[in-house]
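Here's the structure, in structure tokens; my notes come after.
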Amino acid sequence: MYDTQQQSEHGPLAGFTVGVTAARRADELGALLQRRGAAVLHAPALRIVPLADDSELLAATKEIIQRTPDVVVATTAIGFRGWIEAADGWGLGEDLLERLRGVELLARGPKVKGAVRAAGLNEEWSPSSESMAEVLDRLLEEGVDGRRVAVQLHGEPLPGFVESLRAAGAEVLGVPVYRWLPPEDIGPVDRLLDATVSRGLDALTFTSAPAAASLLSRAEERGLLPEVLTALNHDILPACVGPVTALPLQALGVDTVQPERFRLGPLVQLLCQELPGRARSLPIAGHQVEIRGHAVLVDGVLRPVPPAGMSLLRALSRRPGWVVPRAELLRALPGAGRDEHAVETAMARLRTALGAPKLIQTVVKRGYRLALDPAADAKYADA
């Protein structure tokens, strides 16, 4: 339980549960969320083949050394650094750097530019927007007919990028700096899907398009896709690090939120704004009550509530001030069966958890109601 002294210590995401599908940088994202009070459910939807073990990258590296391209497009800092490190491990590092010094090297954004310069190279150009569309526009304006263009792939689709270059006459060589494969242990992904369907999450985060596609594919395999899509469209906030990551979700009609800057920090800040804004806040029995995912703020004090209690509270809050019959509350309880005594037991625990028993009134022989303040009655009279 939280006391008054702890009131200012809980973060903006306290009481919310956030799903994390990331494989790469999952620890960093999880730590950022937990630091702001969130409970985190992590299930890597993919695993990454280590660079040094990837035969496709080795083959592409050898081809670049043997037939130097005219243009090389570096798309991610971690991918570019990993490529150079892997080449070093194969004894090809110096040869690769020598070839890259003689090409038109384009870096997508400041982070990639930093990685390029750390390798002792200089980029010829980098867009301020970090947009692959801007990189494509520049190449097409220059003209690529008959030119060899090597593109560092980074596990996410580049819609139309490679196709547009080939249509303009370029020979395109993909450099796969890492490859995505399904997770070896599918158990965490299945648990994340179950939590999605049961509304055990408040938000689900995606940091790569392949992770989003993989999670949706697994949902389809299990026959859960319609339920997952309904949850993401109505109850659970789908948050993507950027527009490319959102593509697999958008293709199935799921609207997502995205930060203006495509980074983990801004993604977490966006959740800090969005989730509290979606919480239901009601004046009840002289208290201000905010209903979050697995906890309740009572006058700013965080009160963790058991799952059964949260189910009852949500059912009551749908019609604040109105009496909700025991039979209806029983249906709201997960796996409660037919015994209405289960409602009384869960209600007693809910009242204890809230720390303010008068928030919920018992209406004899009828059911229960939230003790909505009289001034708020008119507002919710037609709810």
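The values are calculated or read from the model by the stated rules, or taken from the named source; none is laboratory data. From a predicted model like this one, the values you see are computed outputs, not experimental measurements. Here Cβ is always computed from backbone atoms with ideal geometry, including for glycine, and neighbour counts include all displayed protein chains. Accessible surface is based on the protein model in full, side chains and every heavy atom, while ligands, DNA and RNA are left aside. Shrake-Rupley method; radii C 1.70, N 1.55, O 1.52, S 1.80 Å.
For labels at Leu225 and Gln66 in the simple 7 Å Cα→Cβ model, what's the distance in nm?
4.1
Mind pulling the per residue volume of the convex hull built on the Cα atoms of segment 285-327? Å³ is fine.
Per residue, the Cα convex hull of segment 285-327 comes to 75 Å³.
Dimensions of segment 169-283 along principal axes (Cα, Å, largest first)?
Cα extents, longest axis first: 65, 34, 25 Å.
Would you mind getting the accessible area per residue of the chain, heavy atoms of the protein chains only, 1.4 Å probe, in Å²?
46
For the chain, list log₁₀ I(q)/I(0) at each q in 0.13 Å⁻¹, using the Debye formula over Cα point scatterers of equal strength and ignoring solvent, two decimals each.
Those come out to -1.04, one per q.
To check you understand DSSP bridge types, tell me what percent of the beta bridges within the chain (both residues inside) are antiparallel, rounded to 5.
45
As a test of reading the structure, rank Glu274, Glu221 by solvent-accessible area (1.4 Å probe, protein chains only), most first.
The residues order as Glu221, Glu274, largest area first.
Could you tell me the calculated FRET efficiency between Glu274 and Glu104, based on Cβ-Cβ distance and R0 = 41 angstrom, to the nearest 0.05?
That gives a FRET efficiency of 0.50.
Heavy atoms only, 1.4 Å probe, whole protein assembly: order Met132, Met310 by accessible area, highest first.
Met132, Met310
Taking the chain as a Gaussian network, Cα atoms linked when under 10 Å apart, which of Thr21, Thr207, Thr230 shows the biggest mean-square fluctuation?
Result for the chain, Cα springs under 10 Å: Thr230 fluctuates most.
At a Förster distance of 25 Å, what's the computed FRET efficiency of Asn233 paired with Arg314, Cβ-Cβ distance as r, to 0.05?
That gives a FRET efficiency of 0.85.
Taking the C-alpha atoms of segment 198-266, how large are the radius of gyration and the largest Cα-Cα span, Dmax, in Å?
Here Rg and the maximum Cα pair distance are 11.5, 35 Å.
Can you give me the distance in nm between label points at Asp185 and Ala327, each placed 7 Å from the Cα along the Cα-to-Cβ direction?
According to this spin-label approximation, the distance is 4.6 nm.
For segment 34-73, which trypsin sites (Lys or Arg not before Pro) are in a loop by DSSP, counting at most 14 other Cβ atoms within 10 Å?
Answer by residue number: Arg67.
For the chain, what is the relative contact order in percent, using Cα pairs closer than 8 Å and at least 6 residues apart in sequence?
16
Kindly provide log₁₀ I(q)/I(0) values, in the same order as q = 0.21, 0.27 Å⁻¹, from the Debye equation applied to equal alpha-carbon scatterers of segment 279-360.
Scattering profile of segment 279-360, log10 relative to I(0): -0.94, -1.49.
Calculate what fraction, in whole %, of the accessible area of the chain sits on carbon and sulfur atoms when a 1.4 Å probe is rolled over the protein chains.
49
Tell me the accessible surface of Arg179 in square angstrom (1.4 angstrom probe, heavy atoms of protein chains only), to the nearest ten.
Result for Arg179: roughly 70 Å² accessible.
For an R0 of 51 angstrom, estimate the FRET efficiency from the Cβ-Cβ distance between Ala168 and Lys365 and round to the nearest 0.05.
Calculated value: 0.10.
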